[in-house]
Amino acid sequence: MSRHTGHGPLVAFTSLAIAGAGLIVASACFEVVHHHICPSALVAGVLLQATGLTVSLGHLGQKRRAALALRGAGRSALSNEVLLAPLALACAALTAGIGVWGRPMPAVTVIAGVVNAAFLVSIGLVYRVRGQQTWQGFSAFTPLAGGCAFGGIAIQAGSVTGGVLNMVMLLIVLDAAVFVQRWREVAAIRIPAASLADSGMAYRDQLLGARFVLLDVLPVFLLLAWPTPLVAAVAAAGLVVDRTGFCALALQRTTEHELAEVEEILASAPNLHES
Amino acid sequence: MSGAGFLLDLHRCVGCGACVLACRIENGRVLATAWRRVLPLNLRRQPAGPTYFLSVACHHCDEPACLRGCPSHAYEKRPDGVVVHHEERCLGCRYCEMTCPFGTPRFDEDKGVVSKCHLCARRLDAGLAPACVVACPTDALRCVPAAAAPPADAVRFVPGFIDPAGCRPALHFVTPAGTRRVELFRHLGEALRR
């Protein structure tokens, strides 16, 4: 098993970037479907993304070489993400600028929404690494689904006009559907005892459950019963738990992992022992 | 075999760690994280139980996941199959740590970059064997040059060593002798596949 340590900035970056891009995508959806414009959500999305991008540099061992990350564009999933991140931020900033200071332009918002959605997908694809058991399947879509759900919840929670509750509920349901699939996939993986000793793995159900409750269950009840900006904070906590759990539950089939599994099989099947 | 790689005789390796030490000295990594590691497989999970040792470093895969994922082209596969890492192009993003299913790339906190075994490429170019191979007292660890064929009885996978990411590692094993051990390895392989 491979445990990725020292990835705090990465968790912070993905949490902030997903939240920021999610706000932009949700704003674009609301503008297209309901002609509902929320400039403050666009501004918040830009600020979150910009903060996330800045924090992401903290993850690099050689920050001055950050621009080299673009060299693998088209081949490396990480380069694609690095390419899309500033592009998504620029589109979001343009949309927010137009929304706050000028006449709203739906076409620009839609383009920003599409680019930010692509950025969220690219985040998911970075972690779709062969050999990483818990990052397969539906895990790749959790940034997009989670980000959109957070964006919708935050916009609805901060809206003074009643917002677009039906669409928010739809985004939450979509996220719940995607996340439940990830949960099922993770639960189906056979975890060796050596890995279970790790604190993240030992509490995997609690981690996954907390994320589900914070981002998909609690906001629904709160939005219906007590719609205050606090709901956005609950959903944000859900996103942080989501990314923390994503890293904490990383399970890579390294040689050490395989050997641990072999020894476990030997221990459980004495007839296989050498004499 | 398409590229250069290692051959490990599981029957001969006694887990002495001379290969690890030689690698450290040759590459000036006496205090830094070792590129080679010796992993024991204790069949009875007892201190005196029969144990095999997997001495592993970079496997110089035919389809290296590190190279595939690296955003800055820090990895290069030479014509002879050796996968080298150029530190001066490395961002220290550690993505290769995630993509490599063998736990090969190691992050060097002091330098802020990743590093790994390069099969002693300079020694190979000079017609010498890698330092770990030269240091092996039992001749368990050998280097199979590019375009050379490994022994006929060598296998690519043994229990505890698989290829989960389709990298096609250029590491071959000579499995332990004896019918009972061969049977044991077969049973283990089947159990792991389940």
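The values are calculated or read from the model by the stated rules, or taken from the named source; none is laboratory data. Given the structure is predicted, the values throughout are model-derived calculations rather than measurements. Every residue, glycine as well, gets a Cβ built from its backbone with ideal geometry; the counts of neighbours run over all protein chains shown.
Here are the numbers for this structure:
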| read-out | value |
| --- | --- |
| Number of positions in segment A:60-80 that are more than 8 Å from chain B (Cβ to nearest Cβ) and closer than 15 Å to B:Val113 by Cβ | 2 |
| Number of the condition not met by B:Lys116 [criteria: (1) charged (D, E, K, R); (2) at pLDDT below 95; (3) farther than 25 Å from A:Ile265 by Cβ] | (2) |
| Enumeration of residues in segment B:153-174 that are assigned to a loop (DSSP other than H, G, I, E, B), away from every other protein chain (no Cβ under 13 Å) and surrounded by fewer than 23 Cβ atoms within 10 Å (Cβ to Cβ) | B:Asp153, B:Arg156 |
| Segment B:14-42, residues that are within 14 Å of chain A (Cβ to nearest Cβ), surrounded by 20 or more Cβ atoms within 10 Å (Cβ to Cβ) and either in a helix (DSSP H, G or I) or in contact with a Leu (Cβ under 8 Å, 6 or more places away or on another chain) (or both) | B:Leu41 |
| Residues of segment B:128-145 satisfying the condition of being assigned to a loop (DSSP other than H, G, I, E, B) and either acidic (Asp, Glu) or in contact with a Pro (Cβ under 8 Å, 6 or more places away or on another chain) (or both) | B:Asp139 |
| Failed condition for B:Cys58, given (1) among the hydrophobic types (A, V, I, L, M, F, W, C); (2) in a loop (DSSP other than H, G, I, E, B); (3) out of contact with any His (no Cβ under 9 Å at 6 or more places or on another chain); (4) surrounded by 17 or more Cβ atoms within 10 Å (Cβ to Cβ) | (3) |
| Residue list for segment A:132-168, restricted to those being surrounded by fewer than 18 Cβ atoms within 10 Å (Cβ to Cβ) and in a helix (DSSP H, G or I) | A:Gly137, A:Gly158, A:Leu165, A:Asn166 |
| Any hit, segment B:28-36, residues being in contact (Cβ under 8 Å) with a residue 40 or more places away in the chain, of a type in the set (A, V, I, L, M) and farther than 28 Å from B:Pro150 by Cβ | yes |
| Condition check for A:Val114: surrounded by fewer than 16 Cβ atoms within 10 Å (Cβ to Cβ), over 22 Å from the mean Cα position of the chain (by Cα) and either more than 10 Å from chain B (Cβ to nearest Cβ) or more than 23 Å from B:Val114 (Cβ to Cβ) (or both) | no |
| Residue in segment A:231-241 that is surrounded by fewer than 20 Cβ atoms within 10 Å (Cβ to Cβ), within 14 Å of another protein chain (Cβ to nearest Cβ) and in contact with a Leu (Cβ under 9 Å, 6 or more places away or on another chain) present | no |
| Conditions (1) in contact (Cβ under 8 Å) with a residue 24 or more places away in the chain; (2) over 24 Å from B:Gly69 (Cα atoms); number of the one not met by A:Met105 | (1) |
